[in-house]
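The values are calculated or read from the model by the stated rules, or taken from the named source; none is laboratory data. Since the structure is predicted, the reported quantities are computational estimates derived from the model, not experimental observations. All Cβ positions, glycine included, derive from the backbone under ideal geometry; neighbour counts span all protein chains shown.
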Amino acid sequence: MSETVSKLPLRIVVDSREQAPFTFAGFAAVVEVAGLEAGDYSLAGFERRVSIERKSLPDLVACLGVERDRFQRELARLRGFDAACIIVEQPQSVLRLGHFRSRMDAGAAWQSCLALSMRFRVPFFWAENRADAERICFDCLRHFARDRWRELTALNPAARIAPDATERRGPGVGMDRDGNAPERRTGARRHPLSRAQAATGAGL
């Protein structure tokens, strides 16, 4: 089952408010657009269980500064999901070196990322560029989907039992090996008597 599932395309849901969204062109994915409760990307049928928030570096810096209250509310919503993360389209070194346009101190921005990640238990993943961020987003959703399939398999033990182990099942099957079967209980009298027993009448 796992090999078959791994070849199925992911049904990725993109939030209708997402600006310049990932298209996942070239990935095994079918993209749907809909309004999400939180985050920018999710999976169809799991919109309230998994969510990924995408951030460009300028957007992230704004969220750490003037839009911090709104960002914290967003993180609070993401904390309620089974799985959630923030994917930044730049390496963390770019932020830590202060290569962005803002009055915010680079050290303070980095410490804010660490503090918010710990406080809300939502990890920050740093990509090399936008294309790498798209790949990370796809892989995160793929791993979540695979884990759900493993759970489904665990709930269906029949799928994990070898066919020959289930062939002989049902009423009466296996009684030929049962010591309490009628032929076993009367088997002693069905054996022919020895000559001595026949002569003396013993055993009758």
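What to note about this one:
- The single residue among Ala38, Ala44 that is within 20 Å of the chain's Cα centre (by Cα) and surrounded by 20 or more Cβ atoms within 10 Å (Cβ to Cβ) turns out to be Ala38.
- For the criterion of being assigned to a strand (DSSP E or B) and either modelled with pLDDT of 95 or more or surrounded by fewer than 18 Cβ atoms within 10 Å (Cβ to Cβ) (or both), Arg17 fails.
- Evaluation of Ala84 against the conditions (1) under 22 Å from Gln19 (Cβ atoms); (2) among the aliphatic types (A, V, I, L, M); (3) over 18 Å from the mean Cα position of the chain (by Cα) shows that the sole unmet condition is (3).
- Filtering the stretch 77-114 to residues that are without any contact (Cβ under 8 Å) to a residue 60 or more places away in the chain, in contact with a strand residue (DSSP E or B) (Cβ under 9 Å, 6 or more places away or on another chain), surrounded by 15 or more Cβ atoms within 10 Å (Cβ to Cβ) and among the aliphatic types (A, V, I, L, M) leaves Leu78, Ala84, Ile86, Ile87, Val88, Val94, Leu95.
- Pairs linking a residue in the stretch 121-142 that is crowded, with 18+ Cβ neighbours inside 10 Å to a residue that is in a helix (DSSP H, G or I), with Cβ atoms under 8 Å and 6 or more positions apart or on different chains, are Val122/Leu75; Val122/Leu78; Val122/Arg79; Val122/Leu116; Trp126/Gln92; Ala127/Ala133; Ala127/Arg135; Ala127/Ile136.
- If you go through the stretch 125-138 and pick out every residue that is more than 19 Å from the chain's Cα centre (by Cα) and either part of a helix (DSSP H, G or I) or under 17 Å from Val50 (Cα atoms) (or both), you end up with 4.
- Output for the stretch 50-70, where each listed residue is among the hydrophobic types (A, V, I, L, M, F, W, C) and farther than 20 Å from Ala127 by Cα: Val66
- Check on Ser117, within 26 Å of the chain's Cα centre (by Cα), more than 27 Å from Pro9 (Cα to Cα) and surrounded by fewer than 19 Cβ atoms within 10 Å (Cβ to Cβ): yes
- Here Arg11 does not qualify as surrounded by fewer than 14 Cβ atoms within 10 Å (Cβ to Cβ) and without any contact (Cβ under 8 Å) to a residue 40 or more places away in the chain.
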